[in-house]
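**Q** This is the structure I have questions about; it appears just below.
The values are calculated or read from the model by the stated rules, or taken from the named source; none is laboratory data. Everything numeric in this text was worked out from a predicted model, so none of it was measured. Note that each Cβ is placed from the backbone with ideal geometry, even for glycine, and that neighbours are counted across all protein chains shown. Heavy atoms of the whole protein, side chains included, go into the accessibility calculation; ligands, DNA and RNA do not. Shrake-Rupley method; radii C 1.70, N 1.55, O 1.52, S 1.80 Å.
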2 protein chains.
Amino acid sequence: VLPRFYAPQIERGARSIVLDADESHHLVHVLRLKAADTVRVFDGRGGEWQGRLVSCDKRGAAIDALEPIAPLPEAEVAVTLVVGLLRGPAMHDLVRDATMLGAHRVVPVYTERTAVSKRRDVVPVARWRRIAITSCKQCGRAVVPEIAEPLPFSEAIQREAGVRLMLVEPTAAIDGRCRVDDLAAPARQGGALIAVGPEGGWTDAEVRLAVEAGYVPWSLGTQVLRAEAVPLAALSVLRYAWSS
Amino acid sequence: VLPRFYAPQIERGARSIVLDADESHHLVHVLRLKAADTVRVFDGRGGEWQGRLVSCDKRGAAIDALEPIAPLPEAEVAVTLVVGLLRGPAMHDLVRDATMLGAHRVVPVYTERTAVSKRRDVVPVARWRRIAITSCKQCGRAVVPEIAEPLPFSEAIQREAGVRLMLVEPTAAIDGRCRVDDLAAPARQGGALIAVGPEGGWTDAEVRLAVEAGYVPWSLGTQVLRAEAVPLAALSVLRYAWSS
């Protein structure tokens, strides 16, 4: 597997590129690559190139002989994950795993049972974005998912149309749960959106609000899953169910 | 949701039961239940009862008026997870999540790239078994999955028949990858077995050995997933694919 670097500044027809300071540091001091090594570069928007390391000086690591290559295919359905903010490391894991599992966008939301303060220092969006980039470098994706600024849940759910699923606990008394099979056709044409609650789950009022806004309740199997495991399980199942 | 307790000693026709010390402690000191509270008891083999807390003294918490109730349905296909030993906390998470996701059995294996020593203190099977019980209490399952003693991989793969899948990295050059759709029919009649490698992945020799023993290579999507996320994703997808 060739080492991959993130270069959002790369232009479509580029033949050479100088990596930024972070990526250059990773190339030189972590991976210890040498001149003439073959590397890959991706722009985070679906473009990927292969090239040759020329040198690394104060300006950064220079790569030339860039040739476009076919990026890893993205999921057939662009899935947005609307997720109740989780505590520190759980949120890091979530962003990393959602990226690996092909999420198109992550929208963190404040819910009634969110246990995380709204203080800026505990909602480190910039850090989540770096985690998403690192995850792309590792998993092979050429598209970096968008990590949105956190929103109140009630606001987030008004913004979207199309196929929308709300993950609810299998034990909750909620009518109209869907089978994902039934949603396959419409979802392929546009994107889909799945809402996953925080550790304490959704309140009844939130479920009602979401259903009124067009969300369909969905449960994964019959067991109660940990909050952190639900997005992984849901993204895995949807990717499988909606791939041809 | 009613509190649930594990009582493997319960007999089929029982009308009353005294919980063991650990479960009594949980009932009294963690959940702080009181006499006349309604509780549930499960035997770990698929039996579940509802009853009434009578008292808790030195002998333990006594529950009477037990009536059998319908347990949570198990997965239609009994899946055994053969998994390369992961480091400490990752292995705990794996056992907890595999239990939640309905695994029938977990068989930890030593592989060529296993980073865990074989010393007894770092292979705490008894602890994993307690984690599986705790996970059952939380997720609602009445069946505690079997956690086997760790085995060498080469030994573990000779022991089983039926549908066997080996999770391999999407980037690995391996012929004959399957589509899970194709496996649905045979799997329903018996159990199925999925093998997931450790952090460093399988060696080529291990993949060859497994294929010779009847394993079919399978990849989840096109991205490379973290070792810890692979069992969750695989169990989620199989549960969905193989449920009617």
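**Q** Within the stretch B:149-178, how many residues are hydrophobic (A, V, I, L, M, F, W, C), assigned to a loop (DSSP other than H, G, I, E, B) and within 21 Å of B:Gly201 (Cα to Cα)?
**A** Step one: of the stretch B:149-178, the residues hydrophobic (A, V, I, L, M, F, W, C) are B:151, B:153, B:156-157, B:161, B:163, B:165-168, B:172-174, B:178.
Pick out the ones that are also assigned to a loop (DSSP other than H, G, I, E, B) and you get B:157, B:161, B:168, B:172-174, B:178.
Checking which are within 21 Å of B:Gly201 (Cα to Cα) leaves us with B:157, B:168, B:172-174, B:178.
Counting residues in the stretch B:149-178 that are hydrophobic (A, V, I, L, M, F, W, C), assigned to a loop (DSSP other than H, G, I, E, B) and within 21 Å of B:Gly201 (Cα to Cα) gives 6.
**Q** Taking only the stretch A:70-88 into account, find how many residues are surrounded by fewer than 21 Cβ atoms within 10 Å (Cβ to Cβ), over 14 Å from A:Ile194 (Cβ atoms) and modelled with pLDDT of 85 or more.
**A** So in the stretch A:70-88, the residues surrounded by fewer than 21 Cβ atoms within 10 Å (Cβ to Cβ) come out as A:70-74, A:76, A:78, A:87-88.
Narrowing further to those that are over 14 Å from A:Ile194 (Cβ atoms): A:70-74, A:76, A:87-88.
Within this subset, residues satisfying the condition of being modelled with pLDDT of 85 or more are A:70-74.
Residues meeting the conditions: 5.
**Q** Can you spot a residue in the stretch B:116-139 that is assigned to a loop (DSSP other than H, G, I, E, B), of a type in the set (Gly, Ala, Ser) and closer than 25 Å to A:Glu228 by Cβ?
**A** Residues of the stretch B:116-139 that are assigned to a loop (DSSP other than H, G, I, E, B), as a first pass: B:116-119, B:123-124.
Checking the rest, the ones that are also of a type in the set (Gly, Ala, Ser) come to B:117.
Then drop every residue that is not closer than 25 Å to A:Glu228 by Cβ, which leaves none.
Taking every residue of the stretch B:116-139 in turn, none turns out to be assigned to a loop (DSSP other than H, G, I, E, B), of a type in the set (Gly, Ala, Ser) and closer than 25 Å to A:Glu228 by Cβ.
**Q** A further question on this structure: What is the number of the single condition among (1) open to solvent by 20 Å² or more (accessible area, probe 1.4 Å); (2) at pLDDT 95 or above that A:Leu19 does not meet?
**A** For A:Leu19, the exception is condition (1).
**Q** A further question follows. From B:Val116, B:Val95, B:Val123, which residue is modelled with pLDDT under 90, open to solvent by less than 10 Å² (accessible area, probe 1.4 Å) and among the hydrophobic types (A, V, I, L, M, F, W, C)?
**A** Details: B:Val116 fails: open to solvent by less than 10 Å² (accessible area, probe 1.4 Å); B:Val95 fails: modelled with pLDDT under 90.
Of B:Val116, B:Val95, B:Val123, the one residue that is modelled with pLDDT under 90, open to solvent by less than 10 Å² (accessible area, probe 1.4 Å) and among the hydrophobic types (A, V, I, L, M, F, W, C) is B:Val123.
**Q** Right, next: Within the stretch B:208-236, track down each residue that is part of a loop (DSSP other than H, G, I, E, B) and more than 10 Å from chain A (Cβ to nearest Cβ).
**A** The first filter runs over the stretch B:208-236 and keeps only residues part of a loop (DSSP other than H, G, I, E, B), leaving B:213-215, B:219-228.
Listed by number, the residues that qualify are B:Ala213, B:Gly214, B:Tyr215, B:Ser219, B:Ala227.
**Q** Do you know which residues across the stretch A:43-69 are part of a loop (DSSP other than H, G, I, E, B), surrounded by fewer than 16 Cβ atoms within 10 Å (Cβ to Cβ) and not basic (Lys, Arg)?
**A** Initial filter on the stretch A:43-69 (part of a loop (DSSP other than H, G, I, E, B)): A:43, A:46-47, A:58-59.
Filter again for surrounded by fewer than 16 Cβ atoms within 10 Å (Cβ to Cβ), leaving A:46, A:58-59.
Scanning the stretch A:43-69 gives a single hit, A:Gly46.
**Q** How many residues does the stretch A:126-166 contain that are open to solvent by less than 20 Å² (accessible area, probe 1.4 Å) and away from every other protein chain (no Cβ under 14 Å)?
**A** 8
**Q** Consider A:Arg96 carefully, then state whether it is of a type in the set (D, E, K, R) and within 12 Å of chain B (Cβ to nearest Cβ). Lay out the reasoning, then the answer.
**A** Numbers: of a type in the set (D, E, K, R): yes; within 12 Å of chain B (Cβ to nearest Cβ): yes.
For A:Arg96, the condition - of a type in the set (D, E, K, R) and within 12 Å of chain B (Cβ to nearest Cβ) - is met.
**Q** Another question about this same structure. Could you give me the residue pairs with C-beta distances under 6 Å whose first residue belongs to the stretch A:147-174 and is in contact (Cβ under 8 Å) with a residue 60 or more places away in the chain, whose second residue is assigned to a loop (DSSP other than H, G, I, E, B) and open to solvent by 10 Å² or more (accessible area, probe 1.4 Å) wherever it lies, and which are 6+ apart or on separate chains?
**A** What qualifies is A:Phe153/A:Thr111; A:Ile157/A:Ala213.
**Q** Tell me which residues, restricted to the stretch A:26-42, are surrounded by 15 or more Cβ atoms within 10 Å (Cβ to Cβ) and part of a helix (DSSP H, G or I).
**A** Within the stretch A:26-42, A:His26, A:Leu27, A:Val28 meet the criteria.
**Q** Within the stretch A:217-229, track down each residue that is within 18 Å of B:Ala227 (Cα to Cα) and open to solvent by less than 20 Å² (accessible area, probe 1.4 Å).
**A** A:Ala229
**Q** All but one of (1) within 14 Å of chain A (Cβ to nearest Cβ); (2) open to solvent by 10 Å² or more (accessible area, probe 1.4 Å) hold for B:Ala103, so report the exception by its number.
**A** (2)
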